[in-house]
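Reviewing the structure listed below.
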Amino acid sequence: MRPPQRRGAAKQTRLKEADEIRFLDEWIEAGKPRPGTKPPPPSKSAGARPAPPAAGEYPEYGACTRFDELPLSQKTKDALRKENFTEMSEIQRAALPHALCGRDVLGAAKTGSGKTLAFVIPVIEKLYRERWGPEDGVGCIILSPTSDLAGQIFSVIKNVGKYHSFKGGVIVGKRKGIEEEKERVNSLNILVCTPGRLLQHFDETPNFDCSQLQMLVLDEADQILDHGFKRQVDAIISQIPKVRQTLLFSATQTKSVKDLARVSLRDPEYISVHEEARTATPDTLEQYAMIVPLEQKLNMLWSFIKRHLNSKTIVFLSTVKQVKFVFEIFKKLRPGIPLKCMHGRMAYVVQQAIVADFNESTSVLFSTDLTSRGLDIKNVDWVVQVDCPQDIDNYIHRVGRTARYNKKGKALMFLCPEEEAMLEKLKATESKVPIHIRKPKSEQLEQISQNIASVLVKFPNLQQLGKRAFVTYLKSVYLQKDKKVFDLSRFSAEQFAAYAASLGLPVTPTIRFISHKKNVSKKDAEDIDKKQMKSSSKHEVIINPQVNSDLIKDDEDDDILYPKKPTADANMDDGIDDDVLRPKEPTTDTNTKPDKVIELGKPLKKKKLKINVHRPMGTRVKYDDEGNTIPPLASVAEELASEPVVHKDKISQRYAEMLREMREHDKEDKLEHKKSLREKKLQKKLKLKRKRQEETEAESEEDSGSESDRGRDTASKGKKRYFNSDDEEDNAVKDGDVLSQQEALALKLLSKMHS
Ligand SMILES: Nc1ncnc2c1ncn2[C@@H]1O[C@H](COP(=O)(O)OP(=O)(O)OP(=O)(O)O)[C@@H](O)[C@H]1O
């Protein structure tokens with residue numbers, strides 16, 4: 001038993017909170033901005049601390065400029081003050097009033113402009129006003145494209161919500177740690193997660209229940225709604241309640257109506273605070289581009305680092321192997337500034353440690369695009385893009401790691417002469433990127449190829465890494481969709497050789513992008529072989545226009561994501577198991593498909609036939625015209641079809657029927673399962689309520705005063721939904737006997753509580 005004094009204090013706190021919530025609810029409703037309105041520019045008197053509203057006064061909050069003018073709980077206001085957040089940024093001024101009054105928001109604002117607080121505050125406030133408790137389970141899901149960003153968002157939640165009592169957690173990673181997570185995930189109120197990991201819980205965690213979800217937030221929404229996460233996000237959306245508040249934020253927002261329809265926004269507020277701005281990047285950012293031949297990039301990077309030994313710099317490279325190689329080599333060459341590297345093949349804890357360390361020190365961080373979005377690292381002076389960004393959005397996010405929240409910063413991009421089209425794109429008026437060309441100063445350029453070659457002689461394992469860096473870089477270029485910028489055929493074999501030499505490699509590694517011949521006609525295949533025989537002596541670049549990139553495979557696992565549809569297995573992770581930004585999925589538009597195969601110096605190997613030695617005795621393996629094995633059933637079907645006994649149409653009709661039946665069964669099973677979960681949950685709640693009631697009765701024996709807050713509490717909880725979707729609601733009504741009995745019981749218990 002709790003001592004009476006503590007019980008009394010707890011009761012006082014509950015009463016105070018109930019009063020505050022009632023006041024906030026009334027204020028939010030009475031002072032809310034009209035839909036579609038933007039705040040006016042801040043007035044001159046803005047900035048002075050306002051007097052708190054008197055009782056019964058509900059000032060409009062759509063135009064305020066400070067956090068303490070908003071209808072926020074005292075706990076949140078205290079935490080914001082403690083973190084030195086007083087004045088709101090533009091996006092916060094525009095988005096918070098709409099989000100606080102429960103509207104869906106689609107928010108876009110430049111990098112580093114404070115979007116995180118614009119969704120974290122409404123999340124915390126919503127759960128507080130709903131009096132969310134541990135027994136209520138998951139109340140809000142925040143989706144982030146990367147683990148690091150999820151961790152960062154979570155730390156903002158921890159800071160702003162430090163005086164509240166919700167439980168939150170970061171749900172990220174691949175398979176590691178999932179078992180322990182399964183045990184606690186249902187007790188968390190706020191989940192900050194990557195889509196892949198969340199889906200794993202939906203699939204595997206018994207009783208994982210989001211049926212009470214109040215809010216869904218998508219940070220970096222355009223990336224989350226992109227093809228790479230499509231399957232996961234659609235699966236998640238199908239399993240959460242349709243009636244909820246949804247907030248979408250990004251610096252580069254999706255404009256696709258289709259994408260927005262997928263998340264079922266309800267009359268959203270479109271907030272794009274910098275739409276009218278002169279630039280799409282922060283005003284405090286200086287941006288430069290330099291035309292640097294491929295084989296000079298490392299020399300240029302080294303020279304840059306040597307000239308900026310007192311600057312905190314992030315260097316972006318395309319692939320994990322490049323990041324590892326450049327980091328290892330530069331470390332051995334000792335530039336005179338600490339070096340760090342980060343990529344998606346590192347464990348989450350290691351990544352976090354590196355970010356924390358980089359935050360505090362002046363050093364150079366070599367990174368893949370893993371860090372290009374959302375990461376808020378303090379005082380970065382320079383962002384250097386050694387490899388060309390995938391597109392303008394990718395450029396904007398990369399450079400956005402500096403010049404954050406009114407701080408100054410500089411960005412430099414190296415472009416090969418063959419990639420100048422990217423410069424044109426950035427300079428186009430609609431891109432709004434004020435980028436200046438800088439001429440490389442040859443006298444400042446240090447040549448380090450010889451030094452790298454000596455390091456490779458000393459450390460042969462680095463030579464292997466160098467080869468992989470070379471191959472994966474070319475592959476990453478090859479796989480890019482925008483062929484106006486990324487076209488390997490513009491490079492000569494001599495340039496590739498020079499590039500290999502610049503990495504210290506004694507010979508140019510072979511690039512074996514092997515194509516399956518399935519889609520290549522015999523004549524084309526012969527032509528390619530002939531050309532390759534020629535090229536082996538001349539080092540020419542050979543192009544096969546027939547081969548789709550889907551069919552290109554390398555024999556080692558690389559750091560590149562192929563632009564193919566994600567498979568079930570590939571989606572077990574966060575959606576970014578590799579750090580190369582996913583090249584957007586090829587469309588049916590043949591102009592945009594990667595359509596070339598590059599061959600350097602080595603003929604294509606003939607595809608080996610795989611013989612299954614374990615096949616049952618007496619079964620014949622059949623091959624099609626091009627030497628591919630035919631599945632046994634297919635050959636049977638063919639034989640049957642030739643005798644017109646079984647019609648192909650009938651077979652497919654039967655399959656379609658079976659599929660439909662299976663789906664129906666599946667649906668029924670799911671409904672059944674959800675129903676039983678709901679019932680269990682309700683029982684649990686009733687038990688809890690009964691326990692509370694007993695406590696209350698014990699309290700009221702000592703103190704017979706009325707508890708109006710309890711009435712509100714239960715009324716507010718009563719607002720919560722217990723159905724997952726519309727159909728479910730119907731179903732529940734039909735099968736509602738058990739529920740209605742339980743509801744009657746609940747009502748009885750509740751009315752007892754108030755008597
Ligand atoms: N109102 C504020 N007052 C002072 N600092 C703020 C305020 N809002 C945000 N910040 C700070 O600004 C920095 C950038 O904020 P945040 O990371 O939310 O930007 P962002 O818009 O999400 O950027 P990105 O598009 O790169 O993800 C953070 O360090 C944050 O603490």
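Could you say which residue among L260, L213, L191 is part of a helix (DSSP H, G or I) and either more than 16 Å from the ligand (Cβ to nearest atom) or among the acidic types (D, E) (or both)?
The unique qualifying residue is L260.
Which residues, taken from region 237-257, are within 16 Å of the ligand (Cβ to nearest atom) and in a loop (DSSP other than H, G, I, E, B)?
Within region 237-257, A251, T252, Q253, T254 meet the criteria.
Does region 112-137 hold any residues that are away from the ligand (no atom under 16 Å from the Cβ) and surrounded by fewer than 24 Cβ atoms within 10 Å (Cβ to Cβ), and which are they?
Matches in region 112-137: K126, L127, Y128, R129, E130, R131, G133, P134, E135, D136, G137.
Somewhere in region 376-397, is a residue on the phi > 0 side of the Ramachandran plot and modelled with pLDDT of 95 or more? Step through it out loud before you land on a result.
Step one: filter region 376-397 for residues on the phi > 0 side of the Ramachandran plot, giving 379.
Now drop any that are not modelled with pLDDT of 95 or more, which leaves 379.
Taking every residue of region 376-397 in turn, at least one turns out to be on the phi > 0 side of the Ramachandran plot and modelled with pLDDT of 95 or more.
Residues in region 19-39: is at least one at pLDDT below 90 and under 28 Å from S250 (Cβ atoms)?
no
From Q351, Q322, grab the single residue that is assigned to a helix (DSSP H, G or I), crowded, with 18+ Cβ neighbours inside 10 Å and modelled with pLDDT under 95.
Only one candidate qualifies: Q351.
Scan region 237-263 for residues that are among the hydroxyl-bearing types (S, T, Y), farther than 28 Å from K432 by Cα and surrounded by 15 or more Cβ atoms within 10 Å (Cβ to Cβ) and jot them down.
T246
Give me the pairs: first residue in region 339-366 and within 14 Å of L317 (Cβ to Cβ), second residue among the acidic types (D, E), beta-carbon distance under 7 Å, and six or more apart or on different chains, which are they?
Between residues of region 339-366 that are within 14 Å of L317 (Cβ to Cβ) and residues that are among the acidic types (D, E), the close pairs are K340/D357; H343/D579; G344/D577; G344/D578; G344/D579.
Given the conditions (1) within 16 Å of the ligand (Cβ to nearest atom); (2) crowded, with 19+ Cβ neighbours inside 10 Å, which single one is not true for I377?
For I377, the failing item is (2).
Can you go through S147, S155 and tell me which one is within 16 Å of the ligand (Cβ to nearest atom), hydroxyl-bearing (S, T, Y) and out of contact with any helix residue (DSSP H, G or I) (no Cβ under 7 Å at 6 or more places or on another chain)?
None of the other options fit; the residue is S155.
Would you check which residues across region 394-427 are within 16 Å of the ligand (Cβ to nearest atom), in contact with a helix residue (DSSP H, G or I) (Cβ under 9 Å, 6 or more places away or on another chain) and not in a helix (DSSP H, G or I) and list them?
Listed by number, the residues that qualify are R401, G409, A411.
Does at least one position in region 447-467 carry a residue that is touching a residue at least 24 places away in the same chain (Cβ under 8 Å), among the charged types (D, E, K, R) and over 19 Å from S502 (Cβ atoms)?
no
Only one of V120, V156, V185 is farther than 26 Å from S250 by Cα, among the hydrophobic types (A, V, I, L, M, F, W, C) and free of Cβ contacts under 8 Å to residues at least 60 places away in the same chain; which? Steps first, answer last, please.
Details: V120 fails: farther than 26 Å from S250 by Cα; V156 fails: farther than 26 Å from S250 by Cα.
Residue meeting the stated conditions: V185.
Is at least one residue of region 479-489 hydrophobic (A, V, I, L, M, F, W, C), modelled with pLDDT of 95 or more, within 16 Å of the ligand (Cβ to nearest atom) and over 19 Å from L298 (Cβ atoms)?
No, region 479-489 contains no residue that is hydrophobic (A, V, I, L, M, F, W, C), modelled with pLDDT of 95 or more, within 16 Å of the ligand (Cβ to nearest atom) and over 19 Å from L298 (Cβ atoms).
Could you tell me which of the residues S449, S431 is under 30 Å from K481 (Cα atoms) and among the small types (G, A, S)? Talk me through it step by step, then tell me what you get.
Values: S449 fails: under 30 Å from K481 (Cα atoms).
Of the residues listed, the single one that is under 30 Å from K481 (Cα atoms) and among the small types (G, A, S) is S431.
Would you check which residues across region 62-109 are within 13 Å of the ligand (Cβ to nearest atom) and at positive phi and list them?
N84
The values are calculated or read from the model by the stated rules, or taken from the named source; none is laboratory data. Since the structure is predicted, the reported quantities are computational estimates derived from the model, not experimental observations. No Cβ is skipped: glycine too gets one built from the backbone with ideal geometry, and neighbour counts run over all protein chains shown.
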